[in-house]
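The values are calculated or read from the model by the stated rules, or taken from the named source; none is laboratory data. This one's a predicted model, so the numbers in the text were calculated from it and none came from an experiment. Positions of Cβ are backbone-derived with ideal geometry, glycine not excepted, and every protein chain shown enters the neighbour counts.
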Amino acid sequence: MQASTDDRAFNLSTWLVDRHVTEGRGDVVAVRTGGRSHTYADVREQVERVATGLRALGVRPEERVAMAMLDSMEFVATFLGAMKIGAIPVLTNPLLPGRDLGVIIADSRARVLVISQERIASLDEIRAGAPEVTDVVSTEAWDAFTADGNDGAPYDTWFDSPGFWLCTSGTTGRPKLAMHTHGDVKATYDTYATQVLGITAEDRCFSVGPMFHAYGLGNSLTFPFAAGASTVLEPTRPPTPQLVADIVTTEQPTLFFCIPTFLAALTNSELPDDTFASVRYGVSAAESLPAETFTRFLERFGVTILDGIGSTELLHIFVSNRPDAHRPGTSGLPVPGYDARIVDPDGNDVADDEPGQLMMRGESSASGYWCRSEQSRATFEGEWTRTGDLYTRSHDGYFTYLGRADDMLRVGGEWVSPAEVESTLIEHSAVLEAAVVGERDADDILRPIAFVIPAPEAAVDGDELTAWCRDRLAGYKRPKRYEIVDELPKTATGKIQRYKLRTG
């Protein structure tokens, strides 16, 4: 192990876990899962055992350790154990088909794979696609892997040391690996977690979004651990409203992290109105939260939802509504510690209320995409990160989401925001969810069309929706036809995959 007296010395694993134990908080509950409690002292022991197991497999600093894991204590220990020894955990969506996981893992050049036993049936396909994997650790054999816990000493990493890689959500079908450092997590804690959420050691966090994604990783692991708080983990994917309600009423979280489509499902369920009585604030991200969904949830459950926008590239939320400043239908204000610009195609700042692409500057920005030089140069422009999201900014500084740059529709020479049309449709009582894409008609003219999921026990009538939109949207923005569907294609984090709707 190298020796260092560099004042940049920082190991995320020791900061998130060991710090609490050495400062006398080892008996505080860090994790609740499956009805069991794990203290910070317990977590440290598990992390050290995983660190020992990885070293025994020959894992060296800055080598990748691929993870295909459901939310669990094993996930926490693997992520932190790898970082403790200076290795790089590569988080993947465990629910992907094995062939897709194989492509991502092969791209990372990982030699070791840690996998949840629930996904072990995919292993042959994974290994076929990732032939460089030499060692596989399943949670089914966890006791054997973690049997010896005497070599968990941390590697001397720095704030800027390679930390962990996150796979982009793949709304376009082309996932990339965003590279984050040890210090990036502390940057998100010092900004969003403390200055927007006001998280403390007394909080208990529960997230519908999974930990393999940037949003869920902060919600369920890095934010509560940084504050010395508790987190509630549930491996079941996808969750149901009743399962979430059972967890909330049993575990009594104070911070509840969700996504817009699931908030809509909760609102339209038969859950008791006091289900979320323990929650002081809800948080929404991944997709824009329609004002109607915000209002329905607040009126039904009495909980204010703080909608915001984040990204894999910037690790967590960087524009957000706040407890003392929230405006439904917007993403809110830049989080303290982040700077925002809205620019035209030439990179010039646009005026208030004019649409443009959102660019962000903050210390949590990834250092780039692994082995994607061209895409890295297009996204990371010096201190600024190009988000790919189109926004407007009001005169008093609130940011409103229009859609992804590649989702915007050019209709009759005018730009149409799918998010605006979708929000208008969701305001109708018969509509639970909606997705808008472009379709060319017989004259090769691009027109908006809408895919609509009806609300429970509701019937959706296309003519009625046409009349509804006529009173609320300009003619070129109105859908020309409606497809009634049972579900919309989404990523595991709830983002609508519009490219799949466009391709049928």
- Query: Among (1) under 30 Å from residue 272 (Cα atoms); (2) touching a helix residue (DSSP H, G or I) at 6+ places or on another chain (Cβ under 6 Å); (3) buried (at least 24 other Cβ atoms within 10 Å of the Cβ), which single condition is residue 219 missing?
  - Reply: (2)
- Note on the structure: Residue pairs within 9 Å by beta carbon, gap of at least six or interchain, first lying in segment 132-149 and touching a residue at least 60 places away in the same chain (Cβ under 8 Å), second among the small types (Gly, Ala, Ser) and part of a loop (DSSP other than H, G, I, E, B), listed first then second, are 133/110; 135/58; 139/72; 139/116
- Residue hits (segment 400-431; modelled with pLDDT under 90, surrounded by 20 or more Cβ atoms within 10 Å (Cβ to Cβ) and of a type in the set (Val, Ile, Thr)) are 416
- Message: Are there strands (runs of 3 or more DSSP E) fully within segment 1-82 with at least 2 residues that are closer than 13 Å to residue 137 by Cβ? List them.
- Response: 64-68
- Query: Counting only residues that are part of a loop (DSSP other than H, G, I, E, B) and either of a type in the set (S, T, N, Q) or touching a His at 6+ places or on another chain (Cβ under 6 Å) (or both), how many does segment 83-113 have?
  - Reply: 2
- Message: Residue under question is residue 435, and the condition is that it be out of contact with any Gly (no Cβ under 7 Å at 6 or more places or on another chain), modelled with pLDDT of 90 or more, crowded, with 21+ Cβ neighbours inside 10 Å and farther than 23 Å from residue 332 by Cβ; does it hold?
- Response: yes
- Query: What pairs come up if the first residue lies in segment 463-490 and is free of Cβ contacts under 8 Å to residues at least 40 places away in the same chain and among the basic types (Lys, Arg), the second is assigned to a loop (DSSP other than H, G, I, E, B) and buried (at least 18 other Cβ atoms within 10 Å of the Cβ), and their beta carbons are under 7 Å apart, counting only those six or more places apart or on different chains?
  - Reply: 470/478
- Query: In segment 121-131, is there at least one residue being surrounded by fewer than 24 Cβ atoms within 10 Å (Cβ to Cβ), closer than 18 Å to residue 312 by Cβ and in contact (Cβ under 8 Å) with a residue 60 or more places away in the chain?
  - Reply: no
- Item | Top-ranked residue of segment 360-379 - restricted to ones that are of a type in the set (Gly, Ala, Ser) and closer than 16 Å to residue 107 by Cβ, ranked as farthest from the chain's Cα centre (by Cα) | 373
- Since residue 200 meets every condition but one in (1) assigned to a loop (DSSP other than H, G, I, E, B); (2) of a type outside the set (D, E, K, R); (3) buried (at least 20 other Cβ atoms within 10 Å of the Cβ), which condition does it not meet? (3)
- Inspect segment 481-500 for any residue being assigned to a helix (DSSP H, G or I), among the basic types (Lys, Arg) and under 30 Å from residue 311 (Cβ atoms) and give the result as yes or no. yes
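Would you mind stating whether residue 396 is more than 30 Å from residue 91 (Cα to Cα), in contact with a strand residue (DSSP E or B) (Cβ under 7 Å, 6 or more places away or on another chain), at pLDDT 95 or above and exposed (fewer than 14 other Cβ atoms within 10 Å of the Cβ)? Before the answer, list the steps.
On the way: more than 30 Å from residue 91 (Cα to Cα): yes; in contact with a strand residue (DSSP E or B) (Cβ under 7 Å, 6 or more places away or on another chain): no; at pLDDT 95 or above: yes; exposed (fewer than 14 other Cβ atoms within 10 Å of the Cβ): yes.
No: the conditions fail for residue 396.
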- Does segment 28-37 contain any residue that is touching a strand residue (DSSP E or B) at 6+ places or on another chain (Cβ under 8 Å), farther than 20 Å from residue 211 by Cβ, surrounded by fewer than 20 Cβ atoms within 10 Å (Cβ to Cβ) and among the small types (Gly, Ala, Ser)? no
- Boolean, residue 151 is in a loop (DSSP other than H, G, I, E, B) and either surrounded by 22 or more Cβ atoms within 10 Å (Cβ to Cβ) or not aliphatic (A, V, I, L, M) (or both): yes
- Looking at this structure, is residue 335 outside the structural domain of residue 491 (by TED's automatic domain parsing), aliphatic (A, V, I, L, M) and farther than 22 Å from residue 289 by Cα? no
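Inspect all residues belonging to segment 290-299 and state whether any of them is within 28 Å of residue 368 (Cα to Cα) and either at pLDDT 95 or above or among the basic types (Lys, Arg) (or both).
No, segment 290-299 contains no residue that is within 28 Å of residue 368 (Cα to Cα) and either at pLDDT 95 or above or among the basic types (Lys, Arg) (or both).
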- Message: Of the residues 209, 183, 218, only one is part of a loop (DSSP other than H, G, I, E, B) and in contact (Cβ under 8 Å) with a residue 24 or more places away in the chain; which?
- Response: 209
- Wholly enclosed strands (runs of 3 or more DSSP E) of segment 263-378 bearing at least 2 residues at negative phi and without any contact (Cβ under 8 Å) to a residue 24 or more places away in the chain: 339-343
- Query: Quick one: which of 163, 209 is out of contact with any Lys or Arg (no Cβ under 9 Å at 6 or more places or on another chain), modelled with pLDDT under 95 and surrounded by 21 or more Cβ atoms within 10 Å (Cβ to Cβ)?
  - Reply: 209
